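Data first, discussion second: the structure below is written as structure tokens.
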Amino acid sequence: MTSMTHRFMGACLALLLVLSGPALAAEERDGTDTSDSLKVMLDWYTNPTHAPLVIAKQRGLFQDHGLDVELISPADPSVPPKLVAAGKIDLALSYQPQLHLQVDQGLPLVRVGTLVATPLNATLVRADSGIESMADLAGKRIGYSVGGVEEVLLNTMLEHNGVAPEDVEMVNVNFALTPALIGEKVDAITGAFRNFELAQMAQEGVEGRAFYIEEEGVPTYDELIFVANRDTLDAHRAAYARFMAAIGEATAWIINHPEEGWEAFKAYDPALDTPVNRKAWENTLPRFALRPAALDGQRYEAFEAFLLERGQIKAKSPLSRLAVDLNRP
């Protein structure tokens with residue numbers, strides 16, 4: 001062959017490697033599959049909600065399922081789903097409410113697994129505030145960090161209790177939710193995670209009271225979910241199914257061995273060993289999905305209808321565009 005032919009073939013090979021994406025399925029050698037490499041991005045810095053991923057990696061469960069998994073923390077929590085949509089990473093942790101909005105916007109995302117199977121979002125008040133129910137928030141100041149769907153959830157909770165949204169004053173406290181409530185700059189905060197913020201308040205000597213959104217008129221949903229690129233799902237479906245199996249095994253082990261699990265988890269990074277994380281560990285354990293790949297389709301259809309009714313999406317997407325069960329055809 002001429003040198004030009006060699007250069008042409010080399011260029012074609014390089015282009016093929018680029019177009020194949022960041023996590024090529026492993027080649028088969030002598031009829032045996034080697035490990036599939038997966039890049040998985042968390043929704044934020046490592047914390048107890050990520051325990052099954054950390055434990056699966058530490059205990060070699062990913063390796064047992066033929067996977068080489070890299071866990072990545074993002075600098076910006078809004079970025080992970082966008083990187084999945086762009087084909088830069090394989091899986092990302094995201095939130096079911098955001099998935100509905102992103103699919104409506106045209107991003108090729110689909111839920112392939114669940115990590116935390118209940119809402120964590122809650123509206124919190126000080127226990128000594130005299131606010132006994134959401135109805136008592138009329139005329140009060142409510143702190144928030146992010147608008148959009150968070151505001152829709154809060155408005156639904158208020159209306160469910162006979163309070164018009166215009167009867168409360170919304171105060172943007174950026175991401176200082178707990179300090180704003182403890183310092184009584186606001187009467188309540190929304191968008192707080194019940195497994196963390198209550199523990200943070202307790203550490204500061206302030207007892208909190210939570211109003212849970214699924215008890216206040218909002219359809220229940222999966223909080224933390226794994227999203228993949230819908231356009232390339234078929235090529236990686238088997239690897240993703242093995243990933244979810246490893247997550248399920250890690251979750252079962254954590255629930256069976258909570259104290260040993262905590263010791264293993266905090267050993268992953270010394271910075272994790274804090275009183276708030278210790279309490280959050282206990283608060284989060286009952287909320288992990290025991291069957292991460294299993295899909296409650298009705299839950300996704302109901303939340304899609306809720307967002308459509310509230311004007312947050314332009315049209316209702318079919319379930320198949322929103323979520324799949326990797327263990328079903």
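The values are calculated or read from the model by the stated rules, or taken from the named source; none is laboratory data. As the structure is a computational prediction, the values presented were derived from the model and not from experiment. In this analysis, Cβ positions are derived from the backbone assuming ideal geometry, glycine residues included, and neighbour counts consider all displayed protein chains. For the accessible areas, the whole protein counts, side chains as well, though only heavy atoms, and no ligand, DNA or RNA atoms are used. Shrake-Rupley method; radii C 1.70, N 1.55, O 1.52, S 1.80 Å.
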task: Could you please find all residues in the stretch 74-100 being under 20 Å from F288 (Cα atoms) and of a type outside the set (A, V, I, L, M, F, W, C)?
output: S94, Y95, Q96, P97, Q98
- prompt: Which strands (runs of 3 or more DSSP E) sit wholly inside the stretch 67-140 and have at least 1 residues that are more than 23 Å from V171 (Cα to Cα)?
  reply: 67-72, 91-95, 109-116
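Between T46, T34, which is surrounded by fewer than 19 Cβ atoms within 10 Å (Cβ to Cβ) and modelled with pLDDT under 95?
T34
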- line: Within the stretch 301-329, the count of residues that are closer than 13 Å to L101 by Cα, out of contact with any Ser or Thr (no Cβ under 9 Å at 6 or more places or on another chain) and open to solvent by less than 30 Å² (accessible area, probe 1.4 Å) comes to 4
field: Residue satisfying all of: in the stretch 268-327; free of Cβ contacts under 8 Å to residues at least 12 places away in the same chain and among the polar types (S, T, N, Q); nearest to Q58 (Cα to Cα) among these
entry: T274
- prompt: Across the stretch 250-286, which residue is nearest to N195 (Cα to Cα) among those that are basic (K, R) and open to solvent by 50 Å² or more (accessible area, probe 1.4 Å)?
  reply: K279
- prompt: If you go through the stretch 114-135 one residue at a time, do you hit one that is touching a Leu at 6+ places or on another chain (Cβ under 6 Å), touching a residue at least 60 places away in the same chain (Cβ under 8 Å), within 27 Å of F226 (Cβ to Cβ) and β-branched (V, I, T)?
  reply: yes
- request: Answer yes or no: is there a residue in the stretch 251-269 that is closer than 30 Å to L308 by Cβ and either outside any helix (DSSP H, G or I) or not assigned by the TED database to the domain that holds E150 (or both).
  value: no
- prompt: Any idea which residue in the stretch 164-184 is nearest to L153 (Cα to Cα), counting only those that are part of a helix (DSSP H, G or I) and in contact with a strand residue (DSSP E or B) (Cβ under 7 Å, 6 or more places away or on another chain)?
  reply: L177
